[in-house]
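See below for the structure under consideration.
The values are calculated or read from the model by the stated rules, or taken from the named source; none is laboratory data. Just so you know, these numbers come straight off a predicted model, no measurement behind them. Please note: Cβ atoms are built from the backbone with ideal geometry, for glycine as well, and neighbour counts cover all protein chains shown. What goes into the accessible areas is simple: the full protein's heavy atoms, side chains included, and nothing from ligands, DNA or RNA. Shrake-Rupley method; radii C 1.70, N 1.55, O 1.52, S 1.80 Å.
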Amino acid sequence: MRLLLSLVLSVGLSAAALAQGTLSGTVTDAASGEPLAGVNVYLQGTTLGAATDADGMYSIPALRPGNYIAVVAFVGYVTAEIPTVVSDGANTLDVALDERLFEGEEVVVSGTLTPEKLTDTPATIEVISAEDIQYTPAYSPGELIARQKGVDYFRAGIATTAFNVRGFNSNFNAKNLQVTDGRYSTLVATGLPFGPLDPTAAEDIQRQEIVLGPNGALFGPNAHNGLINTITKDPRRSLGTTLNIKGGNQSTFAAGLRHAQILDANTAVKVNVEYFRAEEFDFVDSVYIDRQAPRGGGVDFPGNADEQGFSLREGYPEYQLNRDVEFVKGGVGLYYTPARDVDLILSYNGSNSTYLSPTNVGRNQIIDWRIHVLQAQLVTPRFFAQFYSTFSATEDTYAIDQRTKNFYIFQDATVATLGAQGLSPEQIDAVLQSEATQTELARLSLGNEALFVDKSRRLNAEAQYRDTFGAVNVVAGVQWQRDLANSDGSYLLDAGSQPGFNADGDQLFTLDEFIKIDQVGGYGQVSLDAGRLGITGAFRYDYHEIYDTNFLPKIGLTFDAGIGTFRATYGRGIAAPTILNLYGKLFGGLILGNSDGFTLAALDENGNFVVDGDGNLVDGATVDPQTVEKQQTFEVGFKGQVVPRRLFVDVNGYYNISEDFLSPLTVLGVATRRGDTPIDEVQPLFGVYNGLVASYINFGEFQTYGADLGLTLLLTNDLSATVNYSFFDLLFDEDDLENNDFNGDGVVNEFDHLVNAPNNKASFALNYNGPRFFGTVFARWVEEYNYFSSFQIASETYADDNGDGVPDTSYRGVAIREGVPGADSFNYGPLGGFVQLDLGVGFKVTSEVQLSAGVTNVFDEDVREFTAAPPTGRLFSAGVRVNVPGTGR
């Protein structure tokens with residue numbers, strides 16, 4: 001009897017274990033009843049799922065009976081979450097999805113680190129969705145940033161698109177933060193956003209959330225005046241294979257491939273790769289200007305003579321200019337679910353990039369710059385942890401500006417020493433590239449080869465807890481970061497530094513292998529949902545080895561008025577000096593980082609150097625080490641559907657108080673010491689510069705203010721129109737010479753506070769997305785404005801009030817005139833001052849095949865958006881996108 005009972009129980013338990021069900025059905029458009037292909041259906045908290053076929057049908061087999069939540073998601077439709085009971089055998093779930101979301105109904109996470117409707121978040125956030133990316137004919141999602149209000153977007157040639165928020169732009173801007181899947185996407189040594197170096201493929205982007213204003217309380221230092229948060233696709237929600245191919249003028253060709261698949265009941269995987277090549281616009285930046293001895297054969301510029309009477313036929317082609325553009329990027333992600341609502345995510349992303357990049361001192365030739373990112377995440381409903389490592393590597397990148405100057409300086413020197421024409425360009429090339437060059441002439445003229453080597457890496461770890469207690473949501477976390485910067489001595493004060501030799505031939509200093517900097521931060525947030533009133537308070541506390549501690553609070557109030565939400569926020573943000581700012585060593589030490597301060601040579605009342613009895617320079621004024629820039633922001637706004645599902649309004653106004661501004665690169669003068677170290681021990685080409693140093697400082701107390709307005713009108717279910725307008729301006733105390741006279745000329749003016757942004761800009765977009773056709777018309781107006789960034793200038797001619805034929809105002813010692821050389825670079829005139837029209841059109845051949853074409857800058861206007869970069873010409877593109885839905889496992 002016992003044996004029989006055991007046998008019955010064993011069979012019963014085995015049958016229960018083997019009991020399986022199948023969930024299947026059809027997904028249709030709620031309005032038309034048409035089946036939808038490529039819809040992702042998955043069971044929340046698991047890796048179980050499938051995608052619909054051409055008839056809108058799906059099937060998820062081998063399910064253990066129980067209660068599930070079925071999530072049905074498709075681009076352009078409202079995601080449905082449906083409680084579902086699965087029993088043994090066949091189970092049917094048919095779903096009708098509502099049409100695409102209207103503006104303001106999107107769910108975002110960047111405002112409070114918790115999912116919430118865009119209208120409810122206490123921050124100004126712009127959203128670029130996967131649908132936006134899918135239906136744009138542009139080569140890069142970065143093009144879509146230009147369509148967002150409050151953003152200072154620029155294009156510096158074909159490859160380089162970037163953005164800044166609310167003024168103070170620069171050719172070397174690290175004051176906005178780029179985050180991808182919770183990790184910092186910034187370079188280790190320069191602190192710059194990855195930008196074109198970003199290894200994230202366009203087809204793998206689920207959405208990008210652009211936060212305007214400081215968000216450092218949650219995301220950390222340098223979420224100072226803006227944040228772009230990129231969220232990639234979960235393979236369980238984006239099954240299938242997508243191939244995207246585009247091409248156009250300027251020899252452009254782009255191809256992207258992405259595949260996502262569920263491997264088994266616990267595992268899903270995605271793989272993506274992207275390739276892009278082009279030829280940069282034909283543009284020669286005039287970086288070498290010999291006022292005293294023009295040789296002829298250079299590039300003609302407008303006008304015949306400068307104020308000293310020298311010929312302006314003095315611009316020469318950039319040396320070793322390569323206009324080839326090439327990007328290769330790709331990644332793989334493994335999603336493992338050991339238990340319901342528990343995910344372990346492992347990912348790798350990498351890129352290899354070659355292109356031209358503008359900087360404060362001319363263009364850099366980026367050659368084979370590689371980025372590698374390894375990331376591991378543990379995700380549960382209440383706990384999140386991650387560890388990731390970022391690697392940056394290049395061996396052959398160089399500064400074209402400096403190499404060009406070296407080339408012609410050396411050529412001039414050979415003329416002086418050898419007579420006639422001196423060495424030929426081919427002979428000079430051989431000397432420049434020869435490791436055996438030992439002559440004094442070559443050492444002085446060519447010792448500064450302007451090579452950038454990077455072997456840096458960064459380690460990051462984070463742990464976060466979040467929970468809900470009634471109407472109160474709590475988020476708390478801690479982050480750790482270790483920067484390990486190594487330039488092999490090419491542009492940082494690290495171990496690879498070629499110490500050079502002093503006047504007596506003695507070898508100079510050595511340092512550790514890496515510049516190692518640790519920092520740790522803790523953050524917390526409490527949100528209260530009190531009916532129509534929402535209250536959010538957040539804080540962050542950071543400790544950094546160099547600039548010590550900082551506390552960043554943020555508070556936001558929201559009020560649901562029915563037609564929309566009013567909000568008021570206060571926040572503090574900081575912009576932190578980069579490793580380059582602190583430990584840079586560029587161009588033979590002409591540029592040195594300011595981690596320890598400087599002592600300048602003393603000057604007498606006539607401006608002459610003071611020397612002691614031995615003829616040595618006497619110490620004079622000191623320059624403080626660079627520290628963080630601080631900003632407080634007060635902001636009010638409203639966003640909502642003032643006419644339900646018809647008219648969306650988003651408007652904000654803000655007022656910023658800034659202090660200890662991080663300066664652009666500036667010439668300090670002749671230094672005797674860097675910190676406690678004599679300057680000749682840290683400046684390899686001391687024999688050339690004799691202590692002349694350019695570096696970075698803090699200065700200023702000023703205020704900025706502005707407003708952004710966005711209106712979106714849904715004309716039909718398929719056609720919408722959007723108008724954006726932004727205003728920005730600056731206030732400063734002209735009488736506060738102590739804080740605001742950055743350049744030390746005894747006057748406080750626009751050359752002390754380099755806003756580098758237009759006061760006004762606006763855009764208009766008309767978007768159509770129908771059953772078969774889609775298209776866009778986009779127009780952007782940017783007001784003309786003057787731009788000054790370290791050695792770069794783009795300005796109108798300043799007034800000549802005294803009537804001597806020369807403008808009264810100068811920049812870096814040269815009168816400001818459009819169309820003539822400045823002190824270090826050619827002044828081609830102001831930026832902006834254009835209206836750019838872009839067009840795009842597409843056709844959905846089937847549910848799986850899409851054709852598209854587009855034109856950027858339809859009328860081929862002279863669109864100048866940045867210095868040391870070509871004007872943006874007309875760009876054509878045409879392509880095909882094929883999306884084959886996945887079948888699950």
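A few notes on this one:
- Summed side-chain charge close to Gly66 - residues other than Gly66 whose Cβ falls under 12 Å, Lys, Arg +1, Asp, Glu -1: +1
- Cross-link pairs beyond the 31 Å C-alpha cut-off, checked among Lys329/Lys844; Lys117/Lys175; Lys405/Lys761; Lys329/Lys554: Lys405/Lys761; Lys329/Lys554
- Contact order relative to length of the chain, as percent, for alpha carbon pairs under 8 angstrom and 6 or more apart: 12
- Protection-proxy order for peptides 469-476, 876-883, 586-593, each taking the mean of Cβ atoms within 10 Å per residue, highest first: 586-593, 876-883, 469-476
- Between the listed residues Ser720, Ala799, Gly76, the Cα displaced farthest toward the positive end of the dipole of the chain, a dipole computed from Cβ unit charges relative to the Cα centre, is found at Gly76.
- According to the calculation over all Cα-Cα pairs in the chain, the P(r) per 20 Å bin from zero is 13, 45, 31, 10, 2, 0 %.
- For the chain, the membrane-span-like helix rule (DSSP H, alpha carbon extent of at least 20 Å along the helix axis, mean Kyte-Doolittle at least -1.0) picks out 2-18, 400-418; this says nothing about an actual membrane.
- Accessible solvent surface per residue of the chain, calculated while the other protein chains remain in place, 1.4 angstrom probe, Å²: 40
- Potential lengthening of the chain between Phe283 and Val882 amounts to 212.0 nm, from the contour at 0.36 nm per residue minus the alpha-carbon distance.
- Of the residues Thr627, Leu533, Ala265, the one whose Cα sits farthest towards the positive end of the charge dipole of the chain is Ala265 (charges of +1 on Lys and Arg Cβ, -1 on Asp and Glu Cβ, taken about the Cα centre).
- Options Phe391, Val39, Gly637, ranked by Cα towards positive dipole end of the chain, top entry (Cβ charges): Val39
- Separation of alpha-carbon centers, region 73-96 and region 527-597, rounded to whole Å: 42
- For region 334-350, Karplus couplings with θ = phi - 60° (6.51, -1.76, 1.60), whole Hz, Gly/Pro x: 10, 10, 10, 10, x, 8, 4, 6, 10, 10, 10, 10, 10, 8, 9, 9, x
- Rounded to the nearest 20, the size of the Cβ-charge dipole of the chain about its Cα centre is 4260 debye, with Lys and Arg at +1 and Asp and Glu at -1.
- In this structure, the amide hydrogen of Glu116, modeled 1.01 Å from its nitrogen in the peptide plane, lies closer than 5 angstrom to those of Val108, counting only residues at least 5 positions away or on a different chain.
- Over 32 Å (Cα to Cα) - which of Lys233/Lys585; Lys233/Lys639; Lys149/Lys630 fall in this group: Lys233/Lys585
- Counting only protein heavy atoms and using a 1.4 Å probe, the accessible area of Lys630 comes to about 50 Å².
- The DSSP beta bridges internal to the chain are antiparallel in roughly 95% of cases.
- Less than 5 angstrom separates the built amide H of Phe661 from those of Phe699, Gly700, all sequence-distant by 5 or more or on a different chain.
- Rounded to whole Å, sorted largest first: equivalent-ellipsoid semi-axes of region 707-759, Cα gyration tensor: 43, 9, 5
- Extension gain for Val85 to Thr380 (0.36 nm times residue separation, less C-alpha to C-alpha distance): 103.9 nm.
- Ordered from highest to lowest accessible area with the whole protein assembly present and a 1.4 Å probe, Arg482, Arg207 read as Arg482, Arg207.
- Contour excess over end-to-end distance, with Cα ends at Thr22 and Val723 and 0.36 nm allotted per residue: 247.5 nm
- Accessible area ranking (1.4 Å probe, heavy atoms, ligands and nucleic acids excluded), largest first, for Glu738, Glu126: Glu738, Glu126.
- Loop-located chymotrypsin sites (Phe, Trp or Tyr not before Pro) across region 827-866 with a Cβ neighbour count of 15 or fewer within 10 Å are Phe859, with loop assigned by DSSP.
- Loop-located trypsin sites (Lys or Arg not before Pro) in region 708-782 whose Cβ has at most 10 other Cβ within 10 Å (DSSP): Arg772
- Residues with amide H under 5 Å from that of Val863, placed H, sequence gap 5 or more: Thr872
- Aspartates and glutamates whose Cα lies under 13 Å from that of Lys516, excluding same-chain neighbours fewer than 8 positions away: Asp483, Asp494, Glu545
- Whole-Hz couplings from phi, Karplus 6.51/-1.76/1.60, listed for region 225-237; x for Gly and Pro: 10, x, 9, 10, 10, 9, 10, 8, 7, 7, x, 5, 10
- Percent of alpha-carbon pairs separated by more than 15 Å within region 34-90: 50
- Part-to-part distance (alpha-carbon centres) for region 713-738 and region 645-678, which is given in Å: 20
- The relative contact order of region 615-672, computed from alpha carbon pairs under 8 Å that lie at least 6 residues apart in sequence, is 38 percent.
- The solvent-accessible area of Val478, taken with every protein chain present and a 1.4 Å probe, is close to 70 Å².
- Remark: region 646-657, residue by residue, has Karplus-estimated 3J(HN,Hα) of 9, 10, 10, 10, 9, 9, 8, x, 9, 9, 10, 10 Hz, where x stands for each Gly or Pro and the curve is 6.51 cos²θ - 1.76 cosθ + 1.60 at θ = phi - 60°.
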